[in-house]
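Notes follow once the structure below has been shown.
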Amino acid sequence: EDKDLEYIISVTELPKVEIKSIENIKFDQYSVKIDNSESEKRIKEIAKNQPNFKDVSENTKAKEGDLVAFDYTATVDNKTFKGGEGKNTQLTLGKDLFLKGFDKQLLGVKKGDEKTVEAVLPENFPEKELINKKAKFVCKILTIKNPEETKIDDEFAKNLGAKDLKDLKSL
């Protein structure tokens, strides 16, 4: 009472943003024309990367490109280890996708054969103490299948999620 009053007000004000019209912005519009032969070529590539396999006769030996299915038990220094068993493991021979040099040792096997394969366990093997150790895999061969050319038809297109072959080509 009978004294000056002093106070502080803080006001937050949003800035004014001027939005310019986007109607005057210029841009290039491209139209891509795909030749029919390009579509055909791409579909053939897809078919090549999705081979079908058919069972071979009893005494046929496995060769490069064949799909071999086998059960295995692996040991290091004659001891079993975690992750050292596999059931119905499938390998396409020649792709070297399992362990380096593994599938080359399965060349020439027949259905029902038992084959011991040796391979070095890789750097990314989950059991750290076994990395770079040589393992013995006793493999029991279940089946051998030959690749057969994939027919490019409506069924093939449906497996890829299209309605039919015509739809696949337009996609």
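The values are calculated or read from the model by the stated rules, or taken from the named source; none is laboratory data. All of these numbers come straight from a predicted model, not from anything done at the bench. Here the Cβ is made from the backbone with ideal geometry for all residues, glycine too, and neighbour counts use every protein chain on show. Accessible surface is based on the protein model in full, side chains and every heavy atom, while ligands, DNA and RNA are left aside. Shrake-Rupley method; radii C 1.70, N 1.55, O 1.52, S 1.80 Å.
Between D96 and E40, full extension at 0.36 nm per residue minus the direct alpha carbon distance yields a gain of 17.2 nm.
Ignoring ligands, DNA and RNA, please state the percent of accessible area on segment 63-152 from carbon and sulfur, probe 1.4 Å.
48 percent
Where in the chain is the longest stretch that carries no trypsin sites (Lys or Arg not before Pro) classed as loop by DSSP and with at most 11 other Cβ atoms within 10 Å?
34-94
Electrostatic tally near G108: other residues with Cβ closer than 12 Å to its Cβ, Lys and Arg +1, Asp and Glu -1, net +1. Per residue, the convex hull spanned by the Cα atoms of segment 121-171 amounts to 180 cubic angstrom.
Measuring from centroid to centroid over Cα atoms, what is the spacing of segment 1-55 and segment 103-119 in Å? Spelled out, the Cα-based centre of one part sits 53 Å from the other. Subtracting the Cα-Cα distance of K54 and T116 from 0.36 nm times their residue separation leaves 19.8 nm of extension gain. Would you work out which of L107, V17, Q90 lies farthest towards the positive end of the dipole of the chain? Charges go on Cβ: Lys and Arg +1, Asp and Glu -1. Value: L107. Across segment 159-171, coupling constants 3J(HN,Hα) worked out from phi with the 6.51/-1.76/1.60 Karplus curve, θ = phi - 60°, read 5, 9, x, 8, 6, 7, 5, 4, 5, 4, 5, 5, 5 Hz, and Gly and Pro carry x. Between the listed residues A162, Y30, L121, the Cα displaced farthest toward the positive end of the dipole of the chain, a dipole computed from Cβ unit charges relative to the Cα centre, is found at L121.
In the context of the full set of protein chains, residues of the chain present 82 Å² of accessible surface per residue (probe radius 1.4 Å, heavy atoms only).
Please report the projected area of segment 17-97's Cα convex hull averaged over all directions, in nm².
Working: hull surface 61.4 nm².
Averaged projected area of segment 17-97's Cα convex hull equals 15.4 nm².
Stokes-Einstein diffusion of the chain at 25 °C, 0.890 mPa s viscosity, Kirkwood radius from Cα pairs, rounded to a whole number: 111 µm²/s.
Which residues make up the longest stretch of the chain clear of GluC sites (Glu not before Pro) that lie in a DSSP loop with no more than 16 other Cβ atoms within 10 Å, not counting the sites?
Values: sites that count: E1, E6, E13, E18, E23, E58, E64, E123, E127, E149.
Longest gap between qualifying sites, sites excluded: 65-122.
Mind pulling the angle between the C-alpha long axis of helix 36-48 and the longest principal axis of the chain? Nearest 10 degrees, somewhere in 0 to 90. With both axes taken from Cα atoms, the answer is about 50 degrees. Its Cα centre serving as origin, the chain has a Cβ charge dipole (Lys and Arg +1, Asp and Glu -1) of approximately 1440 debye.
Of G161, G86, G101, the residue with the greatest mean-square motion in the GNM of the chain, using alpha carbon springs below 10 Å, is G161.
Residue-wise HN-Hα couplings along segment 144-158, as the Karplus relation 6.51 cos²θ - 1.76 cosθ + 1.60 with θ = phi - 60° gives them from phi, are 10, 10, 8, x, 10, 4, 6, 6, 8, 9, 4, 4, 4, 4, 4 Hz; Gly and Pro carry x.
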